[in-house]
Amino acid sequence: MSMELRKYKTILVTGGAGFIGNHVVRHMVKKYPQTKVVNLDKLTYAGNLENLRDIENAENYVFEKVCITDVKETARVFQTHKPDVVIHLAAESHVDRSIVSPLEFVETNTVGTANLLNQAKNLWIAEGFAGKLFYQVSTDEVYGSLGPSGYFNEETKYDPRSPYSASKAAADHLVMAYYHTFGLPVVITNCSNNYGPYQFPEKLIPLIINNIRHGRPLPVYGDGSNVRDWLYVTDHVTAIDLAAHQGRIGETYNVGGHNEHRNLTIVQTLCDLVDGKLGNTQGTSRNLITFVRDRPGHDQRYAIDADKIKSELGWTPAINLKEGLSLTVDWYFDNDRWLENVTSGAYKEYYEKMYKVT
């Protein structure tokens, strides 16, 4: 299906110093050199400006250290830079943390999104929203849990099971409410589990890689049978680019990796890959696997039907799981300094020095 290509003078990416966000910012800065790319990030523990060292001096890149819940400061950013499109990635995203601190997730993911929607509406309404877009990057977790068969599609009823997914579901509903109530042009994508370079080491794949290298236990929830659909982060970025520039206004697109595997299988594959890198006898690191008490409300299975984005926008993932995991392991081995800075907390000193802020 042929879709009209939207062109933007200024792109605002929220959460651009985070895992997915830094890949999106880098992609946009390099692919669209005539477009200003504004990175708005609070720089919480998972925000790391070292992720963007290669493009921080680009002429079309600007960084703003702002929290998305700060009404005054976000208004300043919108009025100063006048973005044509908001690609909204900023979020608290770790399910385990949401169980411990649910109100933080509601504040950032739900209230923060409402604030951004309001800022976009206030800026764009005078122009009748022409050529504008609010793009909400969401998660497949809003759909709840699947049984052994079937797939989430864009018509699947929302059924969130954790404070994290509930806060993202509420944000998605607000996005669509602004579309229906005010005519704000919006697009939503719901993606499966991302992995790849620059992922904060609390998440499963980098955690396992790091623990293997240090001979630490490899924690696996329950019996490891929970199934996820894994999406390599650069594949997700190409989907975001397409949806931002060509996605139909008011539509939702599911983005999946077509890489459905049990968590235990992921951990075992990583063990074998890292053993190969370390020169260990195959099977050595599998002895570190430790089954731990299951997470409360742990969804059994996620799987994405990505036919809509394929048929409308021509997107398909380019990297299968075996290749993606191999690339990811290689990156973490090649970037010891990055990992050491993140695990020690030294990465925070970088933005303080670079931007003279605290």
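The values are calculated or read from the model by the stated rules, or taken from the named source; none is laboratory data. Note that the coordinates shown come from a computational prediction; the quantities given were computed from them, not determined experimentally. Glycine also receives a Cβ, built like all others from the backbone with ideal geometry; neighbour counts cover every protein chain displayed.
See the values below:
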read-out: Sole residue being within 25 Å of Pro201 (Cβ to Cβ) and not β-branched (Val, Ile, Thr), chosen from Gly150, Gly131, Gly112; value: Gly112
read-out: Criterion violated by Ile87 - all others in (1) surrounded by 22 or more Cβ atoms within 10 Å (Cβ to Cβ); (2) assigned to a helix (DSSP H, G or I) satisfied; value: (2)
read-out: Qualifying residues in the range 313-328 (those that are under 19 Å from the mean Cα position of the chain (by Cα) and among the aliphatic types (A, V, I, L, M)) - the one nearest to Glu4 (Cα to Cα); value: Ala318
read-out: Leu12, sole failed condition from (1) under 30 Å from Asp299 (Cα atoms); (2) crowded, with 24+ Cβ neighbours inside 10 Å; (3) in contact with a helix residue (DSSP H, G or I) (Cβ under 8 Å, 6 or more places away or on another chain); value: (1)
read-out: Search result, residues across the range 123-157 that are assigned to a helix (DSSP H, G or I) and either surrounded by fewer than 23 Cβ atoms within 10 Å (Cβ to Cβ) or on the phi > 0 side of the Ramachandran plot (or both); value: Leu123, Ile125, Ala126, Glu127
read-out: Selection count, the range 250-275, where residues are under 15 Å from Ser311 (Cα atoms) and either of a type in the set (A, V, I, L, M, F, W, C) or at pLDDT 95 or above (or both); value: 5
read-out: Single residue of Ala120, Ala170 found to be under 24 Å from Gln300 (Cβ atoms) and surrounded by 17 or more Cβ atoms within 10 Å (Cβ to Cβ); value: Ala170
read-out: Number of positions in the range 10-60 that are in contact (Cβ under 8 Å) with a residue 60 or more places away in the chain, closer than 30 Å to Ser311 by Cβ and more than 19 Å from the chain's Cα centre (by Cα); value: 1
read-out: Residue tally, condition farther than 30 Å from Asp272 by Cα, touching a residue at least 60 places away in the same chain (Cβ under 8 Å) and of a type outside the set (A, V, I, L, M), over the range 298-338; value: 6
read-out: Residues within the range 176-192 that are hydrophobic (A, V, I, L, M, F, W, C) and crowded, with 23+ Cβ neighbours inside 10 Å, tallied; value: 5
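Results for (1) at pLDDT 90 or above; (2) surrounded by fewer than 19 Cβ atoms within 10 Å (Cβ to Cβ); (3) of a type in the set (D, E, K, R); (4) at positive phi, shown as yes or no for each residue.
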residue: Gly222; (1), (2), (3), (4): yes, yes, no, yes
residue: Trp230; (1), (2), (3), (4): yes, no, no, no
residue: Asp241; (1), (2), (3), (4): yes, yes, yes, no
residue: Ala244; (1), (2), (3), (4): yes, no, no, no
